[in-house]
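Novice: Quick one: the structure is below, and I'll ask about it shortly.
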Amino acid sequence: MNKTLINTLPTKEGFFGSYGGQYITADLKEEFDKITDEFLKLKEDKNFNDELSYLLKHYCGRPTPVYFAKNLSKKYGCEIYFKREDLNHTGAHKINHCLGEALLAKKMGKQKVIAETGAGQHGVAMATAATLLGLECDIYMGEVDIQKEKPNVDKMKILGANVISVKSGSMTLKEAVDEAFGAYLKEYKTALYAIGSIVGPHPFPVIVEHFQTIVGIEAKKQFFELTNSTPDALIACVGGGSNAIGIFNGFLNEENVKIFGVEPLGKGSKIGQNAASLTYGKEGIIHGAKCLLLQNDDGTIAPAYSVASGLDYPGSGPKHCYLKEIKRVEYKTVDDIEAIDAFYELSKTEGIIPALESAHAVAFAIKYSKENKNKKILVNLSGRGDKDVEFVLKNYKKADI
Ligand SMILES: *Cc1c(COP(=O)(O)O)cnc(C)c1O
């Protein structure tokens, strides 16, 4: 595998093969090209990198450990390791790119960050980073999600963010992105748009990817220290794809490492029952970029569903579409029930309650272990499950609890 996979993609126009790009209006394009230039400069700037490294270490708690899950490994006949992104401040990998984006905004002289959120995870991480760096923060959130995710809405407010209710269309994530883009267009002189995953128009996928790559850099080194080798298999869940690309980037050029992205199969393979866009999607455009996209027969964007709301997006990061096309990464699916089982299983065997998103990766690691004995498996545990406990007990309570 050659280095181009990490270092020279995307093209100047933001394309990974035929995916990505900038399908946006001319005035937005002009502004986004400016952001690209500033980002490319700042990512090489020593002061910027020193300040970010300081925050990642002393505020987030990085490096997060790689942990050998002895009990789970013994039970399923493989060596299973977890990259503990659940141990970050705010409980998931999202803080990595939120701190990067907020610092970028500050260095660009902006006073505000504007972001969308679905379940509220990106909103909380963004509100955290913004308040830390003294920036205003506007979070656009669908009214349906606001009703569903009250604890996260409360957290954002405590952190000082303005939560703006979006009442168009299905009143969920897709409309929140549309409205946040609209607001940004009016405020771009004083604000920076801070997207929640490696999606949207160029340069956002590369910005988020850059700030998540720390996960893969750390993991590669830590895994080698523990095992004197690389993993046989690397596994991460894929919503938009930011936690997955972060850890994958540490290993894409290691030909012996099999890499798996795990998508949510939800309640089944029919349109509307899942959010597995890399598995069931067709080429299409969402939020200013071309990607594999869940679509109805008439080409309209289909609703996405997963028990894990952080995976519930009808599109996918353009780099994942490309990694699928060149067959460097295999994309697999795990359904709601398998994810719930893995949520309980990891809790009971290792004393780690995973986020439902991350439980998809755990479920696939267990499946893989049953079929491939004595392999070394590294799983990105993208977040902790505190946020999901109430929901799981209400809807999927086990008889012995
Ligand atoms: C948001 C989220 C995800 C999904 O987003 P990606 O961009 O695909 O990483 C996965 N895990 C957790 C814990 C999340 O909060």
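Novice: Could you run through the stretch 186-204 and say how many residues are open to solvent by less than 60 Å² (accessible area, probe 1.4 Å) and either at positive phi or not in a loop (DSSP other than H, G, I, E, B) (or both)?
Specialist: Of the residues in the stretch 186-204, 6 are open to solvent by less than 60 Å² (accessible area, probe 1.4 Å) and either at positive phi or not in a loop (DSSP other than H, G, I, E, B) (or both).
Novice: Further, regarding this structure: From the list Ala102, Ala125, Ala129, pick out the single residue that is within 22 Å of Lys157 (Cβ to Cβ), touching a residue at least 60 places away in the same chain (Cβ under 8 Å) and open to solvent by less than 20 Å² (accessible area, probe 1.4 Å).
Specialist: Ala102
Novice: Any chance the stretch 153-160 includes a residue that's modelled with pLDDT under 95, open to solvent by 10 Å² or more (accessible area, probe 1.4 Å) and either within 17 Å of the chain's Cα centre (by Cα) or within 16 Å of the ligand (Cβ to nearest atom) (or both)? First the steps, then the outcome.
Specialist: Narrowing the stretch 153-160 to residues modelled with pLDDT under 95: none.
No, the stretch 153-160 contains no residue that is modelled with pLDDT under 95, open to solvent by 10 Å² or more (accessible area, probe 1.4 Å) and either within 17 Å of the chain's Cα centre (by Cα) or within 16 Å of the ligand (Cβ to nearest atom) (or both).
Novice: Tell me yes or no: at least one residue of the stretch 54-63 is open to solvent by 80 Å² or more (accessible area, probe 1.4 Å) and among the aromatic types (Phe, Trp, Tyr).
Specialist: yes
Novice: Taking interchain pairs and intrachain pairs at least six residues apart, which have beta carbon atoms under 7 angstrom, with the first residue in the stretch 347-375 and on the phi > 0 side of the Ramachandran plot and the second assigned to a loop (DSSP other than H, G, I, E, B)?
Specialist: Close Cβ pairs satisfying both conditions: Asn374/Gly77; Asn374/Cys78.
Novice: Just give me the residues in the stretch 345-367 being away from the ligand (no atom under 16 Å from the Cβ) and either at pLDDT below 95 or open to solvent by less than 20 Å² (accessible area, probe 1.4 Å) (or both), in sequence order.
Specialist: Answer for the stretch 345-367, where residues must be away from the ligand (no atom under 16 Å from the Cβ) and either at pLDDT below 95 or open to solvent by less than 20 Å² (accessible area, probe 1.4 Å) (or both): just Ile366.
Novice: Now, a different point. Which is on the phi > 0 side of the Ramachandran plot, surrounded by fewer than 16 Cβ atoms within 10 Å (Cβ to Cβ) and not basic (Lys, Arg), of Gly109, Gly91, Gly120?
Specialist: Exactly one residue qualifies, and that residue is Gly109.
Novice: Take the residues of the stretch 226-248 that are surrounded by fewer than 23 Cβ atoms within 10 Å (Cβ to Cβ) and either without any contact (Cβ under 8 Å) to a residue 12 or more places away in the chain or in a loop (DSSP other than H, G, I, E, B) (or both): which is farthest from the ligand (Cβ to nearest atom)?
Specialist: Asn228
Novice: Which residue out of Glu51, Glu44 is assigned by TED's automatic domain parsing to the domain that holds His202, crowded, with 16+ Cβ neighbours inside 10 Å and of a type in the set (Asp, Glu)? Can you show your working first?
Specialist: Numbers: Glu44 fails: crowded, with 16+ Cβ neighbours inside 10 Å.
Residue meeting the stated conditions: Glu51.
Novice: Here's something else I'd like to know. Restricting to the stretch 10-37, name every residue that is assigned to a loop (DSSP other than H, G, I, E, B), closer than 15 Å to Glu209 by Cα and of a type in the set (A, V, I, L, M, F, W, C).
Specialist: Residues satisfying the conditions do not exist here.
Novice: Checking Val379 against (1) assigned to a helix (DSSP H, G or I); (2) touching a strand residue (DSSP E or B) at 6+ places or on another chain (Cβ under 7 Å), which single condition isn't satisfied?
Specialist: Against the list (1) assigned to a helix (DSSP H, G or I); (2) touching a strand residue (DSSP E or B) at 6+ places or on another chain (Cβ under 7 Å), Val379 comes up short only on (1).
Novice: Considering Tyr322, Tyr331, Tyr280, Tyr305, which residue is among the aromatic types (Phe, Trp, Tyr), at pLDDT below 95 and open to solvent by 10 Å² or more (accessible area, probe 1.4 Å)?
Specialist: Matching residue, one of Tyr322, Tyr331, Tyr280, Tyr305: Tyr305.
Novice: Considering (1) away from the ligand (no atom under 11 Å from the Cβ); (2) over 23 Å from Leu9 (Cα atoms); (3) buried (at least 22 other Cβ atoms within 10 Å of the Cβ), say which one Lys290 fails and leave the rest.
Specialist: (2)
Novice: Moving on to the next point. Pairs needed: first member in the stretch 49-70, touching a residue at least 60 places away in the same chain (Cβ under 8 Å); second member anywhere, open to solvent by 70 Å² or more (accessible area, probe 1.4 Å); C-beta distance under 6 Å; at least 6 residues apart or different chains.
Specialist: Thr64/Leu87
Novice: Still on this structure: Looking only at the stretch 214-225, which residues are more than 16 Å from the ligand (Cβ to nearest atom), closer than 18 Å to Phe260 by Cβ and of a type outside the set (Phe, Trp, Tyr)?
Specialist: Result: Lys220, single match.
Novice: Determine whether Tyr67 is among the aromatic types (Phe, Trp, Tyr) and closer than 25 Å to Gly216 by Cβ.
Specialist: So Tyr67 passes the test.
Novice: Looking at (1) exposed (fewer than 14 other Cβ atoms within 10 Å of the Cβ); (2) on the phi < 0 side of the Ramachandran plot, which is the only condition Gly169 fails?
Specialist: Gly169 satisfies all of (1) exposed (fewer than 14 other Cβ atoms within 10 Å of the Cβ); (2) on the phi < 0 side of the Ramachandran plot except (2).
Novice: Answer yes if at least one residue in the stretch 209-223 is of a type in the set (Gly, Ala, Ser) and over 22 Å from Ser53 (Cα atoms), and no otherwise.
Specialist: Taking the stretch 209-223 as the starting set, the residues that turn out to be of a type in the set (Gly, Ala, Ser) are 216, 219.
This time we only want the ones that are over 22 Å from Ser53 (Cα atoms), so: none.
Scanning the stretch 209-223, I find no residue that is of a type in the set (Gly, Ala, Ser) and over 22 Å from Ser53 (Cα atoms), so the answer is no.
The values are calculated or read from the model by the stated rules, or taken from the named source; none is laboratory data. Please read these numbers as outputs of a predicted model, since none were measured by experiment. Cβ: placed from backbone, ideal geometry, glycine included. Neighbour counts: every protein chain shown. Keep in mind that these areas ignore ligands, DNA and RNA; they rest on the heavy atoms of the full protein, side chains included. Shrake-Rupley method; radii C 1.70, N 1.55, O 1.52, S 1.80 Å.
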